[in-house]
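Accompanying notes for the structure given below.
Read-outs: derived from the displayed coordinates by stated rules, not from any lab. Fair warning: this is a prediction, and the values are worked out from it, not measured in the lab. Cβ sites come from the backbone with ideal geometry, for glycine too, and all protein chains shown count toward neighbours.
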């Protein structure tokens, strides 16, 4: 790597359809208004398949084939969202109902990208808990209690069908979809 190269962060996800993203954006905006949480607003509503990783921006052209060659034998899958949950007192999210097809796509995505990019992608060792983040790193533990009181009994039930994965890039403080791939061959 030369001293002039610039590295960017990327991740692979299932991005929610626009109409659902608008509904979820309202929750993120509420968190910003009430508690100053802005991190959740930096990316579209999504379910992460591969967590963020660093890659040389000068070689992004080599990264794009990794997504363009991804495929699966699965058909379109249905994702069901149901109410809210949290990880400790730092992350509020919309719960994604258990779905073996989603687990399989995550595993296939991880396997594919490890084959294409090698050790840039780290095999995930934690259990997969698919979710759609509302607030995370900038949610103060003291504010969590008040925020959770708001979301704990709030009902949210939606579903959508999907057959594509997206590659997102962090640029100028926001995550942008830079490539998408329909996984059905």
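Structure summary
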quantity	calculated
C-alpha long axis of helix 141-151 to longest principal axis of the chain, angle in °	80 degrees
Descending Cα extents along the principal axes, the stretch 140-185, whole Å	45, 31, 11
Calculated over the stretch 16-59: convex hull of Cα atoms, volume per residue (Å³)	108 Å³
Kirkwood estimate for the stretch 1-77, i.e. one over the average of 1/r between Cα atoms, Å	15.2 Å
Spin-label pair residue 21/residue 58, simplified geometry with 7 Å Cα→Cβ offset, distance in nm	3.2 nm
Using a Förster distance of 35 Å, the FRET efficiency for residue 74-residue 6 (Cβ separation, nearest 0.05)	0.45
Exposure proxy ranking, count of Cβ atoms within 10 Å, fewest first, for 183, 54, 148	54, 148, 183
Separation of the residue 152 and residue 122 label points, Cα + 7 Å toward Cβ, nm	3.4 nm
Relative frequency of Cα-Cα separations exceeding 21 Å in the stretch 7-182, percent	49 percent
Angle between the chain longest axis and helix 18-35 axis [Cα atoms, degrees, rounded to 10]	60 degrees
Over the stretch 7-182, relative contact order from alpha-carbon pairs under 8 Å, at least 6 apart, %	35 percent
